[in-house]
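One structure below.
The values are calculated or read from the model by the stated rules, or taken from the named source; none is laboratory data. Here the structure is a predicted model, which is why all the values come from computation and not from measurement. Here the Cβ positions follow ideal geometry from the backbone for every residue, glycine too, while neighbour counts run over all protein chains shown.
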Amino acid sequence: MISYTTFIGIDVSKEHLDVHILPSNKRFRLENSKSGCAKLCRQLAKLQEPAAGVEASGGYERLALRTLTAAGIDSFCFDPVQVRAYSRSRGQRAKTDAIDAEMIARCLTQNHETVRPYIHDPVTGELAELVAFRTRLVKEATKLKCQIEQAETALVIRILKAQKRQVKARIALLSKAIADTIKSSPELSHKVEIMRSMPGVGPVLSSTLLARLPELGRLEGREISALAGLAPFACESGKSKRPGRCQAGRGDIRSVLYMAALSAIRMKAHPLTSFAERLQKSGKPFKVVIVAVMRKMITILNAMVRDAKNWQQNAPQKAS
């Protein structure tokens with residue numbers, strides 16, 4: 001494990017990079033541009049064993065992360081919720097760009113041993129953008145379908161149907177682009193082949209997991225379930241013992257996993273069907289059953305990718 005001695009917090013906005021360096025407490029501001037990121041790397045390269053922390057900012061952080069990684073500086077991308085929770089734990093209620101940069105640096109100081117460095121993969125980045133855009137269009141198509149059903153004026157219906165046809169065509173175009181992007185990478189193609197060997201796993205789920213869960217195959221089952229928001233966390237205090245709840249995680253992964261799990265338990269020959277039936281017979285409500293199946297499915301897929309084994313090889317020991 002690398003031992004870092006200098007921790008840099010970078011608060012990213014559309015225009016600026018606010019930087020705070022620990023333990024020197026030096027701070028400065030640069031432009032969020034190629035020249036600004038290059039200048040940042042030159043300054044950080046002078047530091048001893050630096051580690052940089054960046055807060056996810058809707059995509060504005062990508063340039064800084066890519067530039068820092070290319071310069072050989074270990075970089076970590078934090079969820080804003082995590083940084084804000086850390087700030088409040090320190091009693092810091094004020095919020096400015098400079099304060100946020102300091103809190104990111106201090107959060108990194110405390111958590112660098114439990115988070116993984118950012119790894120830039122151009123193909124995965126392109127795939128993630130394609131998948132995200134396709135997801136938005138699918139939601140738009142669903143919304144248009146509802147509007148068509150509720151509309152009464154002929155002109156409005158005609159316009160909505162034309163919009164729906166355009167969206168459907170774009171979804172098809174994106175689906176082809178996603179497939180082509182995966183084929184361009186032997187590593188991604190191999191992972192898709194492994195995942196799709198499981199009944200119920202189609203192109204949408206496999207591409208979503210590749211794009212939104214690049215940690216698949218690199219973490220333990222509990223960790224990968226937590227990232228997908230499928231790991232129940234205990235909620236007990238004193239005599240109160242409420243059932244554990246699944247919290248946070250990546251919602252877009254859950255949405256796709258839900259449909260895949262539903263498809264899987266409806267297959268008579270699928271091993272997860274018997275697993276779901278056992279839960280139902282024990283009196284578990286459907287919501288608990290489907291979440292358990294989703295969690296088991298993502299855990300199995302994680303093991304399959306980790307071991308580079310297809311479904312037939314994993315099924316006997318993993319789906320029992």
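Side notes on the structure shown:
- Against the numbered list (1) outside any loop (DSSP other than H, G, I, E, B); (2) under 16 Å from M297 (Cβ atoms); (3) modelled with pLDDT under 90, A211 comes up short only at (2).
- Test result for F76, among the aromatic types (F, W, Y), under 21 Å from the mean Cα position of the chain (by Cα) and outside the structural domain of L227 (by TED's automatic domain parsing): yes
- For region 278-313, filtering for residues that are crowded, with 20+ Cβ neighbours inside 10 Å, closer than 17 Å to R266 by Cβ and touching a helix residue (DSSP H, G or I) at 6+ places or on another chain (Cβ under 6 Å) leaves 3.
- Between N314, N310, the distinction of being modelled with pLDDT of 85 or more and outside the structural domain of I178 (by TED's automatic domain parsing) belongs to N310 only.
- Every pair of residues 6+ apart whose Cβ atoms lie under 6 Å, when the first sits in region 55-77 and is touching a residue at least 60 places away in the same chain (Cβ under 8 Å) and farther than 17 Å from E31 by Cα while the second is basic (K, R) and surrounded by 17 or more Cβ atoms within 10 Å (Cβ to Cβ): none
- In region 73-80 there is no residue that is surrounded by fewer than 19 Cβ atoms within 10 Å (Cβ to Cβ), more than 23 Å from K46 (Cα to Cα) and among the hydrophobic types (A, V, I, L, M, F, W, C).
- Scanning region 82-125 for residues that are surrounded by 14 or more Cβ atoms within 10 Å (Cβ to Cβ), over 30 Å from I182 (Cβ atoms) and polar (S, T, N, Q) gives Q82, S87, Q92, T109, N111.
- Condition met for S255 (within 16 Å of the chain's Cα centre (by Cα), modelled with pLDDT of 80 or more and among the polar types (S, T, N, Q)): yes
- Condition check for I104: assigned by TED's automatic domain parsing to the domain that holds L30, at pLDDT 90 or above, assigned to a helix (DSSP H, G or I) and within 24 Å of the chain's Cα centre (by Cα): yes
- Within region 152-168, residues that are of a type in the set (D, E, K, R) reach partners that are part of a helix (DSSP H, G or I) with beta carbons closer than 6 Å, at six or more positions or on different chains, in the pairs K164/L144.
- Which listed residue, of S240, S225, is at pLDDT below 90, among the polar types (S, T, N, Q) and within 19 Å of the chain's Cα centre (by Cα): S225
- V201 vs. criteria surrounded by 15 or more Cβ atoms within 10 Å (Cβ to Cβ), β-branched (V, I, T) and within 30 Å of A269 (Cβ to Cβ): yes
- Residue in region 157-169 that is more than 30 Å from Y4 (Cα to Cα), surrounded by fewer than 15 Cβ atoms within 10 Å (Cβ to Cβ) and within 22 Å of the chain's Cα centre (by Cα) present: no
- Selected residue (only one of S13, S24 is without any contact (Cβ under 8 Å) to a residue 24 or more places away in the chain, hydroxyl-bearing (S, T, Y) and more than 18 Å from A70 (Cβ to Cβ)): S24
- Residue match in region 162-183 (condition: out of contact with any strand residue (DSSP E or B) (no Cβ under 8 Å at 6 or more places or on another chain), within 24 Å of M297 (Cα to Cα), among the hydroxyl-bearing types (S, T, Y) and not in a strand (DSSP E or B)): yes
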